[in-house]
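Data first, discussion second: the structure below is written as structure tokens.
Coordinate-derived values only; no laboratory data. What you see is a predicted model; the values in this text were computed from it and never measured. No Cβ is skipped: glycine too gets one built from the backbone with ideal geometry, and neighbour counts run over all protein chains shown.
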Amino acid sequence: MKVAVFVFADVGTHEGLGRVVNALESVKQFKEAKDDVKIYFDGTGTKWIQELSKSDHIAHGLHEAVKDKVEGACLFCATAFGASKTAQQCKVELIDEKDQHIDVRKLVADGYMIMNF
């Protein structure tokens, strides 16, 4: 199975926390099943890179468990939402595949199922 998980949720709300935790947990399940899984941070979700890097964050351990599956963050969105510097500091690739965005069509053409959180 091939799955690309996108985090769009913003930081600072219970809903956003629930969405990012569910995204990370989904990635963990696919990883444990040895599926081909990737996680992307997009839109306001690019701000989660900084939050999840904090060792005292409630979802830090879960993020660490799937950190090797982080494919990158949208360059345009990370720049627009002030997260590009943090992404670079956390060694998260800023992706510029299609007009400074992630090429979702390519993922679908390559057989990836897309999950958005």
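Placing unit charges on each Cβ (+1 for Lys and Arg, -1 for Asp and Glu) gives segment 34-117 a dipole about its Cα centre, and among 100, 70, 44 the Cα reaching farthest toward its positive end belongs to 44. Note on 13, 46, 86: ascending count of other Cβ atoms within 10 Å places them as 13, 86, 46, the fewest first.
Going by a ≥ b ≥ c, the root eigenvalues of the Cα gyration tensor, does segment 2-116 fall in the rounded group (a/c under 1.5), the prolate group (a/b larger than b/c) or the oblate group? Taking the square roots of the gyration eigenvalues as a ≥ b ≥ c, segment 2-116 is oblate. Restricting attention to the chain, lysine pairs at least eight places apart or on different chains and with alpha-carbon atoms under 17 angstrom apart total 26.
3J(HN,Hα) couplings calculated from phi for segment 102-114 with the Karplus curve 6.51 cos²θ - 1.76 cosθ + 1.60 (θ = phi - 60°) are, in sequence order, 7, 7, 5, 4, 5, 4, 5, 4, 7, x, 7, 7, 9 Hz; Gly and Pro show x.
Each of 74, 90 was scored by other Cβ atoms within 10 Å of its Cβ. Arranged with the fewest first, they read 90, 74. Our summary gives the chain a relative contact order of 33 percent, counting only alpha carbon pairs under 8 angstrom and 6 or more residues apart. Rounded to the nearest 20, the Cβ-based charge dipole of segment 1-80 about its Cα centre (Lys and Arg +1, Asp and Glu -1) stands at 140 debye. Look at 97, 15, 51 and count the other Cβ atoms within 10 Å of each Cβ; fewest to most, that gives 15, 97, 51. Residues in segment 26-33 carry Karplus couplings, in order, of 4, 4, 4, 5, 5, 4, 5, 7 Hz; the curve used is 6.51 cos²θ - 1.76 cosθ + 1.60 with θ = phi - 60°, and Gly or Pro positions show x. Taken about its Cα centre, segment 47-117 carries a charge dipole of about 120 debye when Lys and Arg each add +1 at the Cβ and Asp and Glu each add -1 at the Cβ.
In this structure the amide hydrogen of residue 37, modeled in the peptide plane, comes within under 5 Å of the amide hydrogens of 3, none closer than 5 places in sequence on its chain. Summarising the amide proton neighbourhood of residue 95: residues at separation of 5 or more, or on other chains, whose placed amide H is nearer than 5 Å comprise 73, 74, 75.
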